[in-house]
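What follows is a single structure, written as C-alpha cells, with notes after it.
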Amino acid sequence: MQIRLSELAENMGLTLRGEDCLISGVGTLESAGPDDITFLADPKYAHLLEATQAAAVVVSEAHADDVERALVSASPYMDFARILMMFNPKQGCLEGQGVSDQAYVHPSVELGEGVDVYPFAFIADGAKIGARTKIFPGAYVGEGCVIGDDCTLYPRCTLMAGTTLGDRVMIHPGAVLGADGFGYIPTDEGRVKIPQVGRVVLEDDVEIGANTTIDRAMIDRTLVRTGTKIDNQVQIAHNCTIGEHSTIVSQVGIAGSTTVGKNVIMAGKAGIADHITIGDNVIVGPKCGVARDIPAGKKMGGHPAVDYGIYMRSLTLAPKMPDLFKRVRKLEKQLAALESGGQGENNE
C-alpha cells in the first residue's frame with residue numbers, strides 16, 4: 001500500500017507540517033525506514049526523534065518542529081492506531097466468494113447477505129449467521145448458534161451448541177466457546193458429572209484471543225458484555241459475567257459464578273476464585289491471587305491480593321528482610337545479655 005502524506009492528513013483530520021511524500025509502511029522510531037511513518041506518544045522518547053529515519057512522525061504540537069515532516073495530533077497514539085488499520089495485513093483471500101463447496105452448511109442454516117464460509121468450516125442445524133460475517137477454515141459452529149453481523153471466526157475456533165455472538169465479534173484461532181463447565185458431584189463411586197445445559201453469550205464488539213476458553217453455564221448463561229477484549233489463553237468458567245469494556249490479559253483464570261464489573265483490567269496470570277464479585281474500574285495486577293470480593297475502583301497486587309500500595313511497599317521491603325533479621329537477632333542477644341547482667345546484680 002502507498003498513500004500520500006497529505007492524503008493521510010486530510011483523511012484523518014490532522015495537520016501536515018513539512019513537504020508532502022509517499023508513505024508505504026509503518027515502524028517504530030528506531031526501526032522506521034525512509035518510506036515509513038511512525039509516532040511519538042511518550043515525551044520520554046523524544047530524544048529518538050533526532051535519529052529516526054522515518055519519512056514522517058505523528059506527534060503532538062509540542063514536538064512538531066523537532067522533525068522534518070509531522071502529522072500534528074492531539075492524541076498521537078490513537079491516531080497512529082488508526083493509521084495501522086490502513087496497513088493491517090488482509091486476512092482471507094476468498095473474501096466475497098460466498099459459501100465454499102468444501103464447507104458443510106446444514107440446509108436449515110440462515111445466512112445473511114455477504115456471508116463468506118471458507119473450505120472445511122462446519123455449520124450445524126439451526127444456526128443463524130449475520131450479514132458480512134466471515135467463517136474461516138476449520139471453524140465449528142454448533143447447533144442453534146446465533147452469530148451477528150460483521151463477525152469474524154478465524155481458523156479452528158469452536159462455537160458449541162447454543163452460543164450467541166453479537167455484532168462485530170472477533171474470535172481468534174483455536175478459541176473454544178461453550179464447552180462444558182467443570183462441574184462434578186463427589187460420590188462413593190467417584191465423581192458424577194453435572195449436566196451443563198446453559199450457554200455462552202457475547203455481546204457486541206467483543207474480541208476473544210487465540211486458544212481462549214469460555215465455558216457454558218450450568219444453567220442460564222456465561223456472559224461477556226459489550227466491548228470487552230480478552231487476550232490469548234484465558235479461561236473463563238461457567239456462569240461468569242464479565243462487564244462492559246473490560247480487558248483481560250493472557251493466562252488469566254476466572255473460576256465459576258464470578259461477576260466482574262465494567263472497565264476492569266486483569267493483568268497476565270491473575271487467578272480469580274469462584275463466587276466472588278469484582279467492582280467497576282478495578283485493576284488486578286499480574287499473577288494476582290483474588291480470593292474475596294473487591295470494591296469498585298481498587299487497584300490490587302500480590303498473592304493473596306492486597307491493596308496495590310501495600311503490595312509495592314512489601315516488594316520494597318522484601319530484599320531488606322535478611323539484614324533486618326540479622327539486626328533483630330543481634331538486638332535479642334544484647335537484650336538477653338543485659339537482662340542476665342541485671343539479674344546477677346539484683347541477686348547480689
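Using only C-alpha positions, report the orientation-averaged shadow area of the convex hull of segment 56-171, nm², one decimal.
Details: hull surface 34.7 nm².
Mean shadow area of the hull around the Cα atoms is 8.7 nm².
Residues in segment 221-260 near a label at ASP204, defined as backbone nitrogen under 18 Å from the 7 Å Cα→Cβ point?
Label zone hits: 224-229, 243-246.
Once R0 is set to 41 Å, what does the formula 1/(1 + (r/R0)^6) return for the Cβ-Cβ distance between MET312 and SER60, expressed as a FRET efficiency to the nearest 0.05?
Numbers: r = 30 Å, r/R0 = 0.74.
Efficiency computed from Cβ-Cβ geometry: 0.85.
Given LYS229/LYS298; LYS90/LYS128; LYS269/LYS330, which pairs have Cα atoms separated by over 32 Å?
On the way: LYS229/LYS298 20 Å; LYS90/LYS128 26 Å; LYS269/LYS330 40 Å.
Check vs 32 Å cut-off fails for LYS269/LYS330.
If one computes the Cα centroid of segment 170-245 and of segment 84-121, what distance in Å separates the two points?
So the two Cα centres are separated by 25 Å.
I need the helices of the chain that pass two filters: whole DSSP H segments spanning 30 Å or more by Cα along the axis, and mean Kyte-Doolittle score no lower than -1.0. Walk me through the numbers before you get to the answer.
Working: long enough: 321-347 (39 Å, -0.91).
Going by DSSP H runs, the hits are 321-347.
Using just the C-alpha positions of segment 155-275 as equal point scatterers, what log10 of I(q)/I(0) does the Debye formula give at each q in 0.11, 0.14, 0.15, 0.17 1/Å?
Listed by q, the Debye log ratios stand at -0.32, -0.52, -0.59, -0.76.
At 1.4 Å probe size, with the rest of the protein present, what percent of the exposed accessible area of segment 55-173 is carbon and sulfur atoms?
Numbers: 3040 of 5710 Å².
Exposed carbon and sulfur together represent 53 percent of the surface.
What is the sum of charges, Lys and Arg at +1 and Asp and Glu at -1, for the other residues whose Cβ falls under 12 Å from the Cβ of HIS106? Let's see the in-between values first.
Details: positive: LYS128; negative: GLU110, ASP125, GLU143.
Every neighbour counted, the sum reads -2.
At 1.4 Å probe size, put MET1, MET160 in order of accessible surface, largest to smallest.
Details: MET1 115, MET160 70 Å².
My answer, sorted largest first, is MET1, MET160.
Could you check what % of the DSSP bridge pairs in the chain are antiparallel, to the nearest 5?
On the way: 11 of 76 bridges.
For the chain, the DSSP antiparallel bridge percentage is about 15.
Whole-Hz ³J(HN,Hα) for each residue in segment 257-274, computed from phi via Karplus 6.51 cos²θ - 1.76 cosθ + 1.60 with θ = phi - 60°, x for glycine and proline: what do you get?
Once θ is set to phi - 60°, the couplings for segment 257-274 become 6, 8, 10, 10, x, 8, 6, 8, 10, 10, 7, x, 6, 5, x, 10, 6, 7 Hz.
Have a look at the DSSP beta bridges in segment 1-80 and tell me what percent are antiparallel, nearest 5.
Values: 5 of 13 bridges.
Antiparallel: roughly 40 percent of the beta bridges in segment 1-80.
Over the Cα atoms of segment 181-240, compute the convex hull volume and normalise it per residue, giving Å³. Mind showing how you got there, number by number?
Details: hull volume 4.3 nm³, N = 60.
Dividing the Cα hull volume of segment 181-240 by its residue count gives 72 Å³.
Where a Cα-Cα gap under 18 Å defines reach, which aspartates and glutamates qualify for LYS44, not counting those fewer than 8 residues away within the same chain?
Answer for LYS44, where 18 Å is the Cα cut-off: GLU30, GLU61, ASP65, ASP66, listed by chain and number.
Would you grab the residues whose amide H sits under 5 Å from the one on ARG221? Only those 5+ places off in sequence or on another chain, please, with H modelled 1.01 Å from N.
Here ARG199 satisfy the definition.
May I ask what percent, to the nearest 5, of DSSP beta bridges between residues of segment 64-141 are antiparallel? Write out the running numbers ahead of the final one.
Values: 0 of 9 bridges.
Restricted to segment 64-141, the bridges split so that about 0 percent are antiparallel.
Considering segment 89-141, what Rg and Dmax in Å follow from its alpha-carbon atoms?
Gyration radius and largest Cα-Cα distance of segment 89-141: 10.2, 34 Å.
With a 1.4 Å probe and all protein chains left in place, how much of the accessible area of segment 270-339 comes from carbon and sulfur atoms, in whole percent?
Numbers: 3110 of 4990 Å².
So the carbon and sulfur contribution to the accessible surface is 62 percent.
How far, in nm, would the chain grow between HIS47 and ILE265 when pulled straight, counting 0.36 nm per residue and subtracting the alpha carbon separation?
Numbers: separation 218, 0.36 × 218 = 78.48 nm, distance 3.13 nm.
So the extension gain works out to 75.3 nm.
Pick out which of THR52, THR226, THR163 has the largest mean-square fluctuation in a Gaussian network model of the chain, springs linking Cα atoms closer than 10 Å.
Largest GNM mean-square fluctuation: THR52.
Scattering from the C-alpha atoms of the chain alone, worked out with Debye: what is log10 I(q)/I(0) at q = 0.11, 0.14 1/Å?
Scattering profile of the chain, log10 relative to I(0): -0.92, -1.15.
Looking at the P(r) of segment 224-348, how many percent of alpha-carbon pairs lie beyond 22 Å? Let's see the in-between values first.
Working: 3610 of 7750 pairs.
The calculated P(r) of segment 224-348 puts 47 percent of pairs beyond 22 Å.
When Lys and Arg each count +1 and Asp and Glu each count -1, what net charge do the other residues less than 11 Å away from ILE254, Cβ to Cβ, add up to? Working shown, then result.
Details: positive: none; negative: ASP215, ASP274.
Net of charged neighbours comes to -2.
Would you kindly find the accessible area of VAL72, with a 1.4 Å probe and non-protein molecules such as ligands, DNA and RNA excluded, rounding to the nearest 10 Å²?
It works out to around 20 Å².
The values are calculated or read from the model by the stated rules, or taken from the named source; none is laboratory data. Computed from a predicted model, the values in this text were never measured in an experiment. Cβ: placed from backbone, ideal geometry, glycine included. Neighbour counts: every protein chain shown. Side chains are part of the model used for accessible areas, which takes the heavy atoms of the whole protein and leaves out ligands, DNA and RNA. Shrake-Rupley method; radii C 1.70, N 1.55, O 1.52, S 1.80 Å.
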